[in-house]
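Accompanying notes for the structure given below.
The values are calculated or read from the model by the stated rules, or taken from the named source; none is laboratory data. Quantities reported herein were computed from a predicted structural model and do not represent experimental measurements. Reconstructed Cβ throughout: ideal geometry from the backbone, glycine too, with neighbour counts over all protein chains shown.
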There are 2 protein chains.
Amino acid sequence: MRATYLYEAGDVRVQDAPDPVLEQPTDAVVRVLRSCVCGSDLHPYRTMTAADGPVPMGHEFLGTVEELGSEVSGLERGDLVVAPFAFADNTCAFCREGLHTSCPDGGFFAAGTGGAQAEAIRVPQAQGTLVKLPKDVDHALLPSLLTLADVYGTGHHAAHQARVRPGDSVTVIGDGAVGLLAVLSARRLGAERIILMGRHKDRTDLGRFFGATDVVAARGEEGIAEVRDLTGGHGTRAVLEAVGHLPAYEMALGAVRPGGVISRVGVPQYDDAPVGFGSLFGPNVTLTGGPAPVRAYIDELLPGVLDGTVEPGRVVDRTVTLEQTPEGYRAMDRREALKVLVTP
Amino acid sequence: MRATYLYEAGDVRVQDAPDPVLEQPTDAVVRVLRSCVCGSDLHPYRTMTAADGPVPMGHEFLGTVEELGSEVSGLERGDLVVAPFAFADNTCAFCREGLHTSCPDGGFFAAGTGGAQAEAIRVPQAQGTLVKLPKDVDHALLPSLLTLADVYGTGHHAAHQARVRPGDSVTVIGDGAVGLLAVLSARRLGAERIILMGRHKDRTDLGRFFGATDVVAARGEEGIAEVRDLTGGHGTRAVLEAVGHLPAYEMALGAVRPGGVISRVGVPQYDDAPVGFGSLFGPNVTLTGGPAPVRAYIDELLPGVLDGTVEPGRVVDRTVTLEQTPEGYRAMDRREALKVLVTP
């Protein structure tokens, strides 16, 4: 088959690769119908050295079940399925608590499984991982359904971990797909005031469509000052951080109200950060978040996607073929595209 | 009057000082009946330079109202009152949310107000700050009632912010007064498994009395390994950190279960700490805590103290007169005393 590999920063190639096969009786093989390039793919795309490559790419996909291991039940060949970006058994103590990303039988797609920016992919723990979709689903819904694999579930995780509630005030940092879907999620959970920090007007316009009440284009101290001006000087109760760089964390510290919550879903590109009396501790600010256990959220989020109540797939603004995937990376890296969909 | 001042690390003096007077119509003056030396007083006692001194000391007290400003209602001269270590108006938006430590009209006792390790103290925002106690209260209860000013409320804050619930598993780091009362608080909120990390047997024995089910004397990697051994390899859902030094934070990272909460009430003696993928983010660990808004908790905690259901005053293991306060500091610094009570 054909599959996408990152060789080093800036060097993405689509090449021949072995067809995925069942390795465990709990595996499935899924033929990929749609996959995506993720904002988190851009981190290695910008920094990975040749010594760490080549690595298979892609962790968001939906497709049809092609092969099933002997221990997988509840699925049939030909089923249309969507997969969370982290596979999991969905039966262990962590999965039962909704923390599928910490499942001892689980892991992240791509390294180890092969990537999803490919014709097909091996799915470990298929029974716990794959979620069946209606077979006759309108293909116009596929982009929105695919966001359940990662970016919508991740935006929801940010809002969920911050315990966003009706009437709440929320700042969202970052106008990438996850940030915009954090806006949608905060709105869906009833937030009244949603300040979106982002610099790209086409994206922040979509953010307004999703429910942002205010947009702050400034960054750093100036951006913090604008958020404080908008909120009576104190900041918002929740800050959803969907970038992952230290300056975004620092903006979150400035934008959060005393007693509030910073919920991070941008993968941190730093290890240490301020947590002392002058940052988190003094004002009793809570820091939460992490990789989203999106499997735990699909059941809750799917109906609204199917009935059109929400349209998270609007974040997709470019579609490429699998062979054009390197161009998709370039477009996202240059911010010419917000979210790139990959078709076979 | 006589009052306690810290001149520099190790140099505590009791000396003559001006009698406190009403400065604002919202002030009161309270004659101190009991005060304490706090674990947090040991931080400046160990590190403060002469350039920063002398500073008045003491932020935990109960006593009788001696003078009242013209705008204070609900209190009378002679009332027995306890004060939270942070004064607050108890009417602003933050106070109504239970975050008295962020009250714009509030602040911390000692600098600005004079210290509580003294014969008397000025209390700003007296109406919002002071809580009346029964006039005929048994004096044997005074140590327990005084813990409502700080250490019991702070231990409760740790457990409350970690949302400790019936059946929960909790690790408490630190066997000082706050750590031991975090044990009591976790037990009171229904925690089933409470692992106390501490090295002083007399203290950890009191921790067992308060509800600790296990004691881990080892520290660092060895201590973490013991906690993990006790918890099926994963750690406890909540970790209450009552020390404030970076190694305690690092132990908390090792002792917390994925998806769990680290709740800090030890005043951090560091600014930056690990918060990246390998520490907080990857396992979706939440970091919370801060200075305890103990005023918010007194109404909930007072009845159990008055009826003897809990005996937080058991942390007091030495009583000194005001003139002996420097000896109280020395005893706590050398860990010869757990918690020193100061009488007039």
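In the stretch A:137-151, is there at least one residue being within 14 Å of chain B (Cβ to nearest Cβ), in a loop (DSSP other than H, G, I, E, B), touching a Leu at 6+ places or on another chain (Cβ under 7 Å) and not acidic (Asp, Glu)? Even if it seems obvious, please write down each step before you answer.
Pass one, the stretch A:137-151, residues within 14 Å of chain B (Cβ to nearest Cβ): none.
Checking the stretch A:137-151: not a single residue is within 14 Å of chain B (Cβ to nearest Cβ), in a loop (DSSP other than H, G, I, E, B), touching a Leu at 6+ places or on another chain (Cβ under 7 Å) and not acidic (Asp, Glu).
Would you check if A:Ser279 is outside any helix (DSSP H, G or I) and modelled with pLDDT of 95 or more? Please lay out each step first, then the result.
Values: outside any helix (DSSP H, G or I): no; modelled with pLDDT of 95 or more: yes.
No.
I want to confirm something. Restricting to the stretch B:283-295 and keeping residues that are more than 8 Å from chain A (Cβ to nearest Cβ) and of a type in the set (A, V, I, L, M, F, W, C), which single residue is farthest from B:Pro84 (Cα to Cα)?
Going through the stretch B:283-295, the residues more than 8 Å from chain A (Cβ to nearest Cβ) turn out to be B:292, B:294-295.
In the following step, the residues that additionally are of a type in the set (A, V, I, L, M, F, W, C) were identified as B:292, B:294.
Numbers: B:Ala292: 9, B:Val294: 6 Å.
If we take residues in the stretch B:283-295 being more than 8 Å from chain A (Cβ to nearest Cβ) and of a type in the set (A, V, I, L, M, F, W, C), then B:Ala292 is farthest from B:Pro84 (Cα to Cα).
Is at least one residue of the stretch A:125-142 touching a residue at least 40 places away in the same chain (Cβ under 8 Å), crowded, with 20+ Cβ neighbours inside 10 Å and farther than 22 Å from A:Gly78 by Cβ?
Within the stretch A:125-142, none of the residues are touching a residue at least 40 places away in the same chain (Cβ under 8 Å), crowded, with 20+ Cβ neighbours inside 10 Å and farther than 22 Å from A:Gly78 by Cβ.
Considering each residue of the stretch B:132-175, count those that are on the phi < 0 side of the Ramachandran plot and under 17 Å from the mean Cα position of the chain (by Cα), and give that number.
Narrowing the stretch B:132-175 to residues on the phi < 0 side of the Ramachandran plot: B:132-162, B:164-166, B:168-173, B:175.
Subsequent filtering for residues that are under 17 Å from the mean Cα position of the chain (by Cα) retains B:142-162, B:172-173, B:175.
Result for the stretch B:132-175: 24.
Condition test on B:Leu341, is it modelled with pLDDT of 95 or more and touching a strand residue (DSSP E or B) at 6+ places or on another chain (Cβ under 9 Å)?
Values: modelled with pLDDT of 95 or more: yes; touching a strand residue (DSSP E or B) at 6+ places or on another chain (Cβ under 9 Å): yes.
Here the answer is yes, as B:Leu341 does meet what is asked.
Regarding B:Ala86, is this residue touching a strand residue (DSSP E or B) at 6+ places or on another chain (Cβ under 6 Å), closer than 30 Å to A:Gly235 by Cα and modelled with pLDDT of 95 or more? Full working, then the answer.
Values: touching a strand residue (DSSP E or B) at 6+ places or on another chain (Cβ under 6 Å): yes; closer than 30 Å to A:Gly235 by Cα: yes; modelled with pLDDT of 95 or more: yes.
Yes, satisfied.
Do the conditions hold for B:Glu8, that is, is it charged (D, E, K, R), over 29 Å from B:Val305 (Cβ atoms) and at pLDDT 95 or above? Walk me through how you get there before you give the answer.
Values: charged (D, E, K, R): yes; over 29 Å from B:Val305 (Cβ atoms): yes; at pLDDT 95 or above: yes.
It is true that B:Glu8 is charged (D, E, K, R), over 29 Å from B:Val305 (Cβ atoms) and at pLDDT 95 or above.
When you go through (1) closer than 30 Å to A:His139 by Cα; (2) touching a residue at least 60 places away in the same chain (Cβ under 8 Å); (3) buried (at least 17 other Cβ atoms within 10 Å of the Cβ) one by one for A:Thr288, which number turns out not to apply?
Tallying (1) closer than 30 Å to A:His139 by Cα; (2) touching a residue at least 60 places away in the same chain (Cβ under 8 Å); (3) buried (at least 17 other Cβ atoms within 10 Å of the Cβ), A:Thr288 fails exactly one: (1).
Name the single residue, out of those in the stretch B:184-196 being more than 18 Å from the chain's Cα centre (by Cα) and closer than 15 Å to B:Gly174 by Cβ, that is surrounded by the fewest Cβ atoms within 10 Å (Cβ to Cβ).
B:Ile195
Which of (1) in contact with a strand residue (DSSP E or B) (Cβ under 6 Å, 6 or more places away or on another chain); (2) free of Cβ contacts under 8 Å to residues at least 24 places away in the same chain; (3) farther than 30 Å from B:Arg2 by Cα does B:Pro303 not meet, given it meets every other one?
Answer for B:Pro303: the failing condition is (1).
Which ranges mark the strands (runs of 3 or more DSSP E) fully within the stretch B:1-82 that have 3 or more residues being crowded, with 17+ Cβ neighbours inside 10 Å and among the β-branched types (Val, Ile, Thr)?
On the way: elements: B:2-8, B:11-16, B:28-37, B:61-68.
Fully inside the stretch B:1-82 and qualifying: B:28-37.
Among the candidates B:Gly328, B:Gly304, which residue alone is surrounded by fewer than 19 Cβ atoms within 10 Å (Cβ to Cβ) and either more than 7 Å from every other protein chain (Cβ to nearest Cβ) or of a type in the set (Ser, Thr, Tyr) (or both)? It would help to see each step written out before you state the result.
Details: B:Gly328 fails: surrounded by fewer than 19 Cβ atoms within 10 Å (Cβ to Cβ).
The unique qualifying residue is B:Gly304.
Of the residues B:Ala292, B:Ala296, which is aliphatic (A, V, I, L, M), within 28 Å of A:Ala162 (Cβ to Cβ) and part of a helix (DSSP H, G or I)? Can you show your working first?
Numbers: B:Ala292 fails: part of a helix (DSSP H, G or I).
Exactly one residue qualifies, and that residue is B:Ala296.
Just checking, how many residues over the stretch A:302-337 are among the charged types (D, E, K, R), in a loop (DSSP other than H, G, I, E, B) and under 17 Å from A:Gly211 (Cα atoms)? Working first, answer last.
Going through the stretch A:302-337, the residues among the charged types (D, E, K, R) turn out to be A:307, A:311, A:314, A:317-318, A:323, A:327, A:330, A:333-336.
Adding the requirement that they be in a loop (DSSP other than H, G, I, E, B) leaves A:307, A:311, A:317, A:334-336.
Of the ones still in play, those that are also under 17 Å from A:Gly211 (Cα atoms) are A:311.
Selection size over the stretch A:302-337: 1.
With within 14 Å of chain B (Cβ to nearest Cβ), over 17 Å from A:Gly153 (Cα atoms) and among the aromatic types (Phe, Trp, Tyr) as the only criterion, which of A:Phe108, A:Phe94 stands out? Don't jump to the end; show me each part of the working.
Numbers: A:Phe108 fails: over 17 Å from A:Gly153 (Cα atoms).
Within the list A:Phe108, A:Phe94, the selection yields A:Phe94.
Give all pairs with beta carbons closer than 9 Å in which a residue from the stretch A:235-248 that is free of Cβ contacts under 8 Å to residues at least 60 places away in the same chain meets a residue that is surrounded by fewer than 24 Cβ atoms within 10 Å (Cβ to Cβ) and not in a strand (DSSP E or B); count only pairs at least 6 apart in sequence or on separate chains.
As it stands, the answer is A:His245/A:Gln269; A:His245/A:Tyr270; A:Leu246/A:Gln269; A:Leu246/A:Tyr270; A:Pro247/A:Arg219; A:Pro247/A:Gly220, since those pairs meet every condition given.
Kindly indicate whether any position in the stretch B:256-275 is part of a helix (DSSP H, G or I), buried (at least 17 other Cβ atoms within 10 Å of the Cβ) and either among the basic types (Lys, Arg) or more than 17 Å from the chain's Cα centre (by Cα) (or both).
So in the stretch B:256-275, the residues part of a helix (DSSP H, G or I) come out as none.
There is no residue in the stretch B:256-275 that is part of a helix (DSSP H, G or I), buried (at least 17 other Cβ atoms within 10 Å of the Cβ) and either among the basic types (Lys, Arg) or more than 17 Å from the chain's Cα centre (by Cα) (or both).
Only one residue in B:Glu250, B:Glu226 is in a helix (DSSP H, G or I), within 14 Å of chain A (Cβ to nearest Cβ) and among the charged types (D, E, K, R). Which one?
Working: B:Glu226 fails: within 14 Å of chain A (Cβ to nearest Cβ).
Being in a helix (DSSP H, G or I), within 14 Å of chain A (Cβ to nearest Cβ) and among the charged types (D, E, K, R) holds for just one of B:Glu250, B:Glu226, which is B:Glu250.
Quick one: B:Arg208 ticks every box in (1) assigned to a helix (DSSP H, G or I); (2) away from chain A (no Cβ under 14 Å); (3) more than 30 Å from B:Pro143 (Cα to Cα) bar one, so which box is it?
(3)
Look at the stretch A:258-282 and say how many of its residues are at the interface with chain B (Cβ under 7 Å from one of its Cβ atoms) and either within 19 Å of A:Gly179 (Cα to Cα) or of a type in the set (Phe, Trp, Tyr) (or both).
Residues that pass the stated criteria total 6.
Return the only residue of A:Thr236, A:Thr171, A:Thr231 being closer than 24 Å to B:Ala93 by Cβ, surrounded by fewer than 23 Cβ atoms within 10 Å (Cβ to Cβ) and of a type in the set (S, T, N, Q). Full working, then the answer.
On the way: A:Thr236 fails: surrounded by fewer than 23 Cβ atoms within 10 Å (Cβ to Cβ); A:Thr171 fails: surrounded by fewer than 23 Cβ atoms within 10 Å (Cβ to Cβ).
None of the others qualify; the one that does is A:Thr231.
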